[in-house]
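Student: This is the structure, below, for whatever I ask next.
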Amino acid sequence: MTPHTTYLTTSIPYVNSTPHVGFALELVQADAYARHLRLLGRQVRFQCGTDDNSLKNVRAAEAAGQPVAVFVEANGDSFERLGRQLHISNDEFVRTSLDPRHQACVHALWDACAASGDLYRKAYEGFYCVGCEQFYDPSELIDGKCPEHGVELEIIREENWFFRLSRYGDRILQLIESGKLEITPAHRRNEVTALLRRGLEDISVSRSAERARGWGVAVPGSDEVIYVWFDALANYLTGLGYGSDPTLFETYWNGSDERIHIVGKGISKFHAVYWPAILLSAGQPLPSSILVHGYLTVDGRKIGKSAGNGIAPDRLIHAYASPDALRYYLLRHIRSGDDGDFSEERLDAAWSGELGGQLGNLANRVLALLTTAFGGLTPAVPDTPLVRQADALPAKVHQAFDRYELHVGLAEIFAYLGDANRVFTSKTPWADAKALSSGLEEDEQARLRHRLGQCLAEQVHGLAVVARCLLPFIPRAAGELHAKLGLPLPLAYAQPILVTGARTQEKAVLFPRREVLTPASAV
């Protein structure tokens with residue numbers, strides 16, 4: 001039986017600087033979904049990348065006194081490296097200035113829109129924000145400034161190629177309202193539908209080579225440069241070979257059951273309005289889902305390169321000798337679809353108090369007693385309320401993924417661990433283990449051994465369920481916990497959890513204590 005296919009992407013960030021911790025949020029969300037879907041048995045293609053061709057990259061390179069290509073490549077390296085540091089399991093990484101397939105893809109998409117009659121020439125004057133890479137209507141400005149960055153806008157006068165965005169507003173609205181194009185969470189969907197109901201205006205999709213400093217993908221047959229958002233959105237098809245080798249494209253776009261984009265709220269309009277319109281014009285299928293996360297903030301202010309409050313994620317990963325602390329914090333303590341405040345103090349508390357204090361401590365105590373009383377072999381798992389509670393946990397976690405509420409899934413896991421710790425403490429198994437070594441009569445020893453075995457076996461079973469549920473969230477620690485419990489890593493959720501007779505390890509120091517972090521460094 002052929003597995004269902006899913007194509008999953010992150011957005012592609014500008015490389016005008018090195019990455020800050022805010023982009024790590026999107027990476028770990030997308031990676032959690034990719035790992036979850038694979039464990040469900042789906043055939044997943046997961047793509048990340050960088051947006052190299054923006055004007056803000058050009059200006060940042062000029063300010064740094066470097067050639068644009070050198071500047072962009074170095075910063076792009078840092079984004080690709082961050083993915084490896086966070087254990088992101090992407091299959092593809094598209095860099096729009098370096099990938100030889102990208103220009104062919106952009107040109108194929110441009111030609112398809114031109115063939116539909118949706119590209120035309122027009123003289124234009126408007127307010128342009130380089131940070132957003134978009135024109136703004138005067139009514140959208142706040143005190144005459146960009147609503148996103150709070151800066152004065154440039155007045156641009158050019159004759160450009162325009163795209164007939166206005167032609168597609170009603171169709172996109174109908175697709176969203178029918179559920180064929182899902183936008184989650186609901187308040188982001190409502191923002192997009194309100195925009196569509198107000199009506200759309202056509203958009204400029206080229207700029208002069210002079211303004212672009214000659215950097216970017218050229219308009220076919222012209223010395224103009226294609227607008228960066230038309231260029232950037234095409235990356236989702238570049239990695240699938242659209243315009244070059246369509247083999248993957250036919251499987252994961254035309255033939256896919258799911259096409260999921262995970263993006264930040266600041267670019268939801270481009271993905272939920274511009275991108276569907278371009279695809280409709282080109283005669284291609286639309287995304288099936290757009291999952292929109294909020295901003296990461298510090299003291300209520302958005303983390304950003306231009307804001308000067310960016311926190312380097314690689315330092316945090318190094319401080320904990322693994323990506324688990326950062327992955328867990330971003331997925332558990334930042335609501336998936338909303339803004340959330342980042343604090344290094346809360347990050348450390350999550351590592352020591354939740355991962356270490358609840359999960360790590362329970363695993364340590366259980367495995368130590370198993371070694372002492374049973375030589376590390378797990379007794380038969382009984383039918384107890386705690387075992388049944390553990391068995392109900394995966395469905396709750398799966399539901400959280402279905403609802404784009406990853407924080408709820410982790411909350412359910414740690415609610416179970418809280419109960420498991422309380423049950424373990426209430427049964428005082430260490431007292432039974434101590435009594436077993438004190439020369440009791442045979443009947444009493446058998447009774448205590450049976451009771452202790454049931455207590456430890458139900459805990460091992462619960463820890464095994466937790467380990468499997470944690471695989472999408474913190475794969476390193478979840479994999480290590482499987483090994484400590486004497487269990488192989490599963491290829492799918494559906495594989496039965498069999499802990500009876502498993503040979504466990506004596507210790508499970510999954511989340512070791514560490515010194516207090518040094519103050520944050522900006523990026």
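The values are calculated or read from the model by the stated rules, or taken from the named source; none is laboratory data. Model, not experiment: these values are computed from the prediction. With ideal geometry, Cβ positions are generated from the backbone for all residues, glycine too; neighbour counts draw on all protein chains shown.
Student: Evaluate the following for ALA467: is it closer than 15 Å to VAL366 by Cα and either of a type in the set (Gly, Ala, Ser) or over 25 Å from the mean Cα position of the chain (by Cα) (or both)?
Tutor: yes
Student: Report yes if LEU330 is at pLDDT 95 or above, more than 29 Å from GLY453 (Cα to Cα) and within 15 Å of the chain's Cα centre (by Cα), otherwise no.
Tutor: Taking the combined requirement at face value, the residue satisfies it.
Student: Sticking with this structure for a sec: Scanning for something in contact with a strand residue (DSSP E or B) (Cβ under 6 Å, 6 or more places away or on another chain), assigned to a loop (DSSP other than H, G, I, E, B) and either farther than 18 Å from HIS107 by Cα or of a type in the set (A, V, I, L, M, F, W, C) (or both), does the range 257-272 turn up at least one residue?
Tutor: Yes - at least one qualifying residue is present in the range 257-272.
Student: A further question follows. Using beta carbons and a limit of 9 Å, which pairs, at least six apart or on different chains, have the first residue in the range 194-219 and on the phi > 0 side of the Ramachandran plot and the second one of a type in the set (Phe, Trp, Tyr) and in a loop (DSSP other than H, G, I, E, B)?
Tutor: That search, which allows pairs on different chains as well, returns GLY216/TYR227.
Student: Okay, moving on. Which of the residues that make up the range 313-342 are β-branched (Val, Ile, Thr) and not in a loop (DSSP other than H, G, I, E, B)? Steps first, answer last, please.
Tutor: First, pick out the residues of the range 313-342 that are β-branched (Val, Ile, Thr): 317, 334.
Of everything in the range 313-342, just one residue is β-branched (Val, Ile, Thr) and not in a loop (DSSP other than H, G, I, E, B), namely ILE317.
Student: Just to be sure I understand, how many residues within the range 218-258 are more than 19 Å from ASP118 (Cα to Cα) and among the hydrophobic types (A, V, I, L, M, F, W, C)?
Tutor: 5
Student: Would it be correct to say that ALA321 is closer than 17 Å to ALA478 by Cβ and either surrounded by fewer than 19 Cβ atoms within 10 Å (Cβ to Cβ) or among the β-branched types (Val, Ile, Thr) (or both)? Spell out the reasoning first.
Tutor: Details: closer than 17 Å to ALA478 by Cβ: yes; either surrounded by fewer than 19 Cβ atoms within 10 Å (Cβ to Cβ) or among the β-branched types (Val, Ile, Thr) (or both): yes.
Answer is yes for this residue.
Student: What pairs come out if I take residues in the range 500-523 that are at pLDDT below 70 and pair them with residues that are crowded, with 17+ Cβ neighbours inside 10 Å and basic (Lys, Arg) whose C-beta lies under 6 Å away, six or more apart or interchain?
Tutor: Sorted first by the residue in the range 500-523, then by its partner, the pairs are ALA508/LYS484.
Student: Are any of the residues in the range 411-429 in contact with a Pro (Cβ under 9 Å, 6 or more places away or on another chain) and closer than 25 Å to GLY337 by Cβ?
Tutor: Scanning the range 411-429 turns up no residue that is in contact with a Pro (Cβ under 9 Å, 6 or more places away or on another chain) and closer than 25 Å to GLY337 by Cβ.
Student: GLN66 - would you say it is of a type in the set (S, T, N, Q), more than 30 Å from PHE401 (Cβ to Cβ) and without any contact (Cβ under 8 Å) to a residue 60 or more places away in the chain?
Tutor: Answer is yes for this residue.
Student: I'd like the full set of residues that are of a type in the set (Asp, Glu) and either more than 26 Å from the chain's Cα centre (by Cα) or surrounded by fewer than 21 Cβ atoms within 10 Å (Cβ to Cβ) (or both), limited to the range 34-81. Walk me through how you get there before you give the answer.
Tutor: Here is the first cut: in the range 34-81, the residues of a type in the set (Asp, Glu) are 51-52, 62, 73, 77, 80.
Matches in the range 34-81: GLU62, GLU73, ASP77, GLU80.
Student: Name the residues in the range 364-388 that are touching a helix residue (DSSP H, G or I) at 6+ places or on another chain (Cβ under 6 Å) and either in a helix (DSSP H, G or I) or without any contact (Cβ under 8 Å) to a residue 12 or more places away in the chain (or both), would you?
Tutor: Those that are touching a helix residue (DSSP H, G or I) at 6+ places or on another chain (Cβ under 6 Å) and either in a helix (DSSP H, G or I) or without any contact (Cβ under 8 Å) to a residue 12 or more places away in the chain (or both): VAL366, LEU369, LEU370, THR372, ALA373, LEU386, VAL387.
Student: Quick check: anything in the range 5-28 assigned by TED's automatic domain parsing to the domain that holds HIS261 and without any contact (Cβ under 8 Å) to a residue 12 or more places away in the chain?
Tutor: Looking through the range 5-28, none of the residues is assigned by TED's automatic domain parsing to the domain that holds HIS261 and without any contact (Cβ under 8 Å) to a residue 12 or more places away in the chain.
Student: While we're here: Of everything in the range 422-451 that's more than 15 Å from VAL387 (Cα to Cα) and of a type in the set (A, V, I, L, M), which residue is modelled with the lowest pLDDT?
Tutor: Step by step, filter the range 422-451, then rank; the result is LEU440.
Student: Here's something else I'd like to know. Working carefully through the options VAL192, VAL205, VAL219, VAL228, find the one that is in contact with a Gly (Cβ under 9 Å, 6 or more places away or on another chain), β-branched (Val, Ile, Thr) and buried (at least 17 other Cβ atoms within 10 Å of the Cβ). Give the derivation first.
Tutor: Values: VAL192 fails: in contact with a Gly (Cβ under 9 Å, 6 or more places away or on another chain); VAL205 fails: in contact with a Gly (Cβ under 9 Å, 6 or more places away or on another chain); VAL219 fails: in contact with a Gly (Cβ under 9 Å, 6 or more places away or on another chain).
From the options VAL192, VAL205, VAL219, VAL228, the qualifying one is VAL228.
Student: Moving to a separate point now. Determine, yes or no, whether THR378 is modelled with pLDDT of 95 or more, crowded, with 20+ Cβ neighbours inside 10 Å, over 21 Å from the mean Cα position of the chain (by Cα) and among the polar types (S, T, N, Q). Even if it seems obvious, please write down each step before you answer.
Tutor: Values: modelled with pLDDT of 95 or more: yes; crowded, with 20+ Cβ neighbours inside 10 Å: yes; over 21 Å from the mean Cα position of the chain (by Cα): yes; among the polar types (S, T, N, Q): yes.
Yes, satisfied.
Student: Here are the criteria: (1) over 20 Å from the mean Cα position of the chain (by Cα); (2) among the hydrophobic types (A, V, I, L, M, F, W, C); (3) outside the structural domain of ALA34 (by TED's automatic domain parsing). Tell me which single one LEU286 does not satisfy.
Tutor: Tallying (1) over 20 Å from the mean Cα position of the chain (by Cα); (2) among the hydrophobic types (A, V, I, L, M, F, W, C); (3) outside the structural domain of ALA34 (by TED's automatic domain parsing), LEU286 fails exactly one: (3).
Student: Considering only the range 460-493, state which residues are closer than 18 Å to GLU405 by Cα and either part of a loop (DSSP other than H, G, I, E, B) or not assigned by TED's automatic domain parsing to the domain that holds GLY409 (or both).
Tutor: Matches in the range 460-493: LEU471, PRO472, PHE473, ILE474.
Student: Hey, can you tell me all the residues within the range 290-312 that are in a loop (DSSP other than H, G, I, E, B) and modelled with pLDDT of 90 or more?
Tutor: GLY294, TYR295, ALA312
Student: Looking at the range 102-143 only, could you name the residues that are modelled with pLDDT of 70 or more, over 24 Å from TYR168 (Cβ atoms) and assigned to a loop (DSSP other than H, G, I, E, B)?
Tutor: Of everything in the range 102-143, just one residue is modelled with pLDDT of 70 or more, over 24 Å from TYR168 (Cβ atoms) and assigned to a loop (DSSP other than H, G, I, E, B), namely LEU141.
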